[in-house]
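Contents: one structure, followed by commentary.
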């Protein structure tokens, strides 16, 4: 058993991939998402986030998602490959592309820290994902994992993309997605052995899902007195990319209200610990201990005045902890961001305009942008 292993994927036929794929939607208006679901009835969005909430109970929503998922299999909208395969995956946006692969790994490699996370887990989010996985008895979407560059492996993966892809389509998330199925036994073994030279990997996105998958594995073990460790629930699916290619973008913060402060009074409070400067254009910081802030139709840069306290300096994700310690908690009364419903997140991938739209619409009152996460290997 290798750190990255081939598997028999459950996937759509090539021509159906675009309408079945699960795009990122956290930056899109609800009306557009609803229209997309209606026009693409087999989209995984109708399973991942079904539109029944106004008329159905949680139990009925789960049953509806499960029934639709089973119907997709019954009608061969999605079907399982007959051979163990690696899936070479290329994702491209304007000015950037990255090539990696989709593989499976043992949950125990995550539990034993061979595959490492770096973010706090929000209990409610993880529980929601656990219930979803338990209901479907399936993992929808891979965990995004990065690994230190391995030149021979990366060259081999790139070489495979010279053939015609099994999938090639543009999705609602404005990305081009391409996939090649590698099932040749000799090639599969070569990839497995090359990846085995990688001795550490890191979860870049999907912390709640992988924590939920770990819980699900334990849950199923308790049900199976003949547990061997080789059952499907002992494994998870991941999308692996070399760190030099991977875009690691923070989830920017959105806050629903200013805890009673007017915008001017709020800025005055922020100035107690930060240097606040008005910006003439959307602002994304390029240095640590600095943030962009969008408030009342205006962008600001805010930079910590003094060195962070010693208790913070050893923490992972220092900037996240700085913002929480000096601003979110003492000014906005957000004690535990894992449970406070007044704080939200939006992927940096969607750009600063996504923050502006949320604030300008009145959905939230202030948004904060972070610098691109500096990945350490």
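How much FRET efficiency would the formula 1/(1 + (r/R0)^6) give for residue 329 and residue 190, where r is the Cβ-Cβ distance and R0 is 56 Å, rounded to 0.05?
After rounding to 0.05, the efficiency reads 0.65.
Rounded to the nearest 0.05, what FRET efficiency do residue 363 and residue 138 have when you use their Cβ-Cβ distance and R0 = 35 Å?
It comes to 0.65.
How far, in nm, would the chain grow between residue 347 and residue 303 when pulled straight, counting 0.36 nm per residue and subtracting the alpha carbon separation?
Difference between extended and current length: 13.7 nm.
How do the peptides 260-267, 2-9 rank, highest first, by the average count of neighbouring beta carbon atoms within 10 Å per residue? Show your work: numbers first, answer last.
Numbers: 260-267: 13.9, 2-9: 19.5.
In descending order of packing, they fall as 2-9, 260-267.
Given R₀ = 35 Å, FRET efficiency for residue 49-residue 227 by Cβ-Cβ distance, to 0.05?
Details: r = 32 Å, r/R0 = 0.92.
My answer for the efficiency is 0.60.
For 145, 243, 364, 275, what ranking results if the residue with the fewest other Cβ atoms within 10 Å of its Cβ goes first?
Numbers: 145 25, 243 16, 364 20, 275 13.
Arranged by neighbour count, lowest to highest, 145, 243, 364, 275 become 275, 243, 364, 145.
For the chain, take the longest principal axis of its alpha carbons; what is the angle in degrees between that and the long axis of helix 123-136, to the nearest 10 within 0 to 90?
20
How far is it, in nm, from the label point at residue 94 to the one at residue 159 when both lie 7 Å from their Cα along the line to the Cβ?
Inter-label distance under the simple model: 3.6 nm.
Output the antiparallel fraction of DSSP beta bridges having both residues in the chain, as a percent to the nearest 5.
Details: 56 of 63 bridges.
Just about 90 percent of them are antiparallel.
Given the C-alpha centroids of segment 30-88 and segment 150-224, what is the distance between them in whole angstrom?
Here the answer is 22 Å between Cα centres.
Is segment 128-264 rounded, prolate or oblate when judged by the Cα gyration tensor, a ≥ b ≥ c being the square roots of its eigenvalues, rounded requiring a/c under 1.5 and prolate requiring a/b larger than b/c?
oblate
Angle between the Cα long axis of helix 58-74 and the longest principal axis of the chain, 0 to 90 degrees, nearest 10?
40
Compute the angle between helix 30-39 and the longest alpha-carbon principal axis of the chain, please, reported from 0 to 90 degrees and rounded to the nearest 10.
20
Under the 0.36 nm per residue contour assumption, what length would be gained going from the current alpha-carbon distance of residue 220 and residue 35 to full extension?
So the chain would gain 62.9 nm between residue 220 and residue 35.
Just the number, please: Stokes-Einstein D of segment 251-369 in µm²/s, Kirkwood Rh from C-alpha pairs, 25 °C, 0.890 mPa s. Numbers along the way, then the final one.
On the way: Rh = 14.4 Å.
Estimated via Stokes-Einstein, D reaches 171 µm²/s.
Which one is right for this structure if semi-axes √(5λ) of the Cα gyration tensor in Å is calculated from it: (i) 50, 34, 26; (ii) 36, 21, 19; (iii) 37, 25, 21?
(iii)
Which value at 222 nm does the chain reach when only helices count, each DSSP H run of 4 or more adding -39,500 (n - 2.57), with the total divided by all residues and rounded to the nearest 500 deg cm²/dmol?
-9000 deg cm²/dmol
Here, each number is a calculation from the coordinates, and none is a lab measurement. The shown structure was predicted, so the numbers you read here are calculated from the model rather than taken from an experiment. Virtual Cβ from ideal backbone geometry, glycine too; neighbours counted across all protein chains shown.
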